[in-house]
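A.B. asks: Please see the structure below; I have some questions.
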Amino acid sequence: MPRILITPCRKVDDYVESVRRAGGDPIVADLGVAAPEHLRAADGLLLTGGGDVDPTYYREPTHETFSPAEPGRDDAELALAREAMARRMPLLAICRGVQVLNVAAGGTLVQDIPSAIPGAVDHRPGLAPSGAAHDVTITPGSQLGGLIAADLIGNAATVNSRHHQSVGKVAPGFVVNAVAPDGVVEGIEAPQQPFCVGVQWHPENFVTTGEFRSLFSGLVDAAHDFQQRRAR
Ligand code: MN
């Protein structure tokens with residue numbers, strides 16, 4: 001069974017259960033363990049939701065709305081993301097995770113959508129966790145589009161939304177795979193990696209109803225292939 005390392009966060013149970021239902025063996029990461037050592041015991045990486053990445057990591061001054069993640073997460077998750085990419089290990093990144101991924105690969109973030117984009121969609125409407133917040137348009141031909149084909153109407157999906165930051169300058173080697181009606185980046189992926197996909201919404205909140213389950217299946221399937229390749 002492919003082992004999926006999951007970074008610890010406030011509501012980690014939904015991520016753990018999503019991986020389990022997709023056929024993976026979930027392991028919640030210990031941020032005190034060095035990334036290379038931790039990934040030797042894993043076949044895939046899941047970067048989870050949480051607070052803001054410290055903007056010093058992408059060399060920008062700190063916006064007044066900065067709301068940090070738990071101590072140690074920035075350093076540990078950036079290292080895990082870089083190490084996973086170096087190993088071509090499958091990686092799924094969710095919400096804060098997609099922001100960590102973009103920064104780890106050399107991109108930047110929009111630090112506060114309401115101040116940066118006048119008239120933006122409300123990306124933090126305070127609905128129930130799986131509440132429909134806004135649509136996203138999926139990039140035709142993207143890996144994401146293939147994965148979530150069953151959740152799409154045409155090129156669009158309706159998603160939940162709980163963020164005030166987003167991907168800014170897209171990291172080298174990555175492409176945008178989803179965008180909100182206001183132009184906010186809602187997902188990125190690295191086409192030259194076997195499976196390196198990030199979304200800004202929260203697929204783990206649909207764990208009991210099944211929407212976007214294919215994101216977790218995609219990760220677990222790719223992790224299975226990674227495990228087989230490594231065994232040879
Ligand atoms: Mn959003």
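The values are calculated or read from the model by the stated rules, or taken from the named source; none is laboratory data. It should be emphasised that the depicted structure is a prediction, and the values quoted were computed from it without experimental measurement. Virtual Cβ from ideal backbone geometry, glycine too; neighbours counted across all protein chains shown. Ligands, DNA and RNA are excluded from the accessible area calculation, which covers all protein heavy atoms including side chains. Shrake-Rupley method; radii C 1.70, N 1.55, O 1.52, S 1.80 Å.
A.B. asks: Do any residues in segment 74-93 that are over 26 Å from Ser214 (Cβ atoms) have Cβ atoms under 7 Å from those of residues that are open to solvent by less than 10 Å² (accessible area, probe 1.4 Å) and not in a helix (DSSP H, G or I), where the two are at least six apart or on different chains, and which pairs are they?
C.D. replies: Asp74/Val53
Per-residue answers, yes or no, for (1) open to solvent by 40 Å² or more (accessible area, probe 1.4 Å); (2) more than 11 Å from the ligand (Cβ to nearest atom); (3) among the hydroxyl-bearing types (Ser, Thr, Tyr); (4) out of contact with any Gly (no Cβ under 6 Å at 6 or more places or on another chain):
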residue	(1), (2), (3), (4)
Gly168	no, yes, no, yes
Pro172	yes, yes, no, no
Ala190	no, yes, no, no
Cys196	no, yes, no, yes
Thr209	yes, yes, yes, yes
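A.B. asks: Still on this structure: If Ala79 satisfies all but one of (1) in a helix (DSSP H, G or I); (2) surrounded by 19 or more Cβ atoms within 10 Å (Cβ to Cβ), what's the number of the condition it fails?
C.D. replies: Going through the list (1) in a helix (DSSP H, G or I); (2) surrounded by 19 or more Cβ atoms within 10 Å (Cβ to Cβ), Ala79 breaks only (2).
A.B. asks: Moving to a separate point now. Test of understanding: among Asp221, Asp182, Asp225, which residue is acidic (Asp, Glu) and either within 16 Å of the ligand (Cβ to nearest atom) or within 14 Å of the chain's Cα centre (by Cα) (or both)?
C.D. replies: Matching residue, one of Asp221, Asp182, Asp225: Asp182.
A.B. asks: Considering only segment 175-221, state which residues are more than 19 Å from Pro129 (Cα to Cα) and among the charged types (D, E, K, R). Walk me through it before giving the result.
C.D. replies: So in segment 175-221, the residues more than 19 Å from Pro129 (Cα to Cα) come out as 175-179, 181-185, 188-197, 217-221.
Result: Asp182, Glu189, Asp221.
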